[in-house]
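To start, the structure under review is shown below, and the notes come after it.
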Amino acid sequence: MDRLLASSAYGERMAIEWLDVSRFADTYGRHEDHDSLTWPYRDWVIRAFNDNLPYDQFVTWQTAGDMLPAPTQDMYLATAFNRLVQQSNEAGSNEEEFRCEHVADRMRTNGIAFLGISLGCARCHDHKFDPIAQRDYYAISAFLANVDELG
């Protein structure tokens, strides 16, 4: 990562910012904090920026690259965007609770990354001036609930 931070290439700087948006981390992000081997996704993001992958493909591949006709390895790899949620492997974890939190995390991240808005309020209720109603929140989250949690 130091090599990337020291780089002056525009694509690599933008890739680092995108990795922040996508919640990229090298560990689970919890108290047990085991390694999370997601570096292939990081390398894909850097390649995508450096190769000037068109934005519509960049978004589509990360959102549903595995569902496209004849997906390539890069298309599968890009879908890690929706799998970079905080993980837990502690005994007694409630799988359904974590699945619901993972869906909420995907909603939050997709809202910020692709829509430029926060979707957090709509998880619980409607606001008169919010662009996304609670009904729409759960309609969108149904799509993001179909991610294979085991990757």
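Contact annotation: residue pairs with Cβ atoms under 8 Å, 6 or more positions apart or on different chains, pairing a residue in region 133-146 that is in contact (Cβ under 8 Å) with a residue 60 or more places away in the chain and hydrophobic (A, V, I, L, M, F, W, C) with a partner that is surrounded by 15 or more Cβ atoms within 10 Å (Cβ to Cβ) and in a helix (DSSP H, G or I), are L144/N82; L144/V103; L144/R106; L144/M107; L144/N110.
Give N110, N94 a once-over and let me know the one that is under 30 Å from L37 (Cβ atoms) and under 16 Å from the mean Cα position of the chain (by Cα). Explain how you work it out, then say what you get.
Working: N94 fails: under 16 Å from the mean Cα position of the chain (by Cα).
Among N110, N94, only N110 is under 30 Å from L37 (Cβ atoms) and under 16 Å from the mean Cα position of the chain (by Cα).
Coordinate-derived values only; no laboratory data. The structure displayed is predicted, hence computed values, not measured ones. Glycine also receives a Cβ, built like all others from the backbone with ideal geometry; neighbour counts cover every protein chain displayed.
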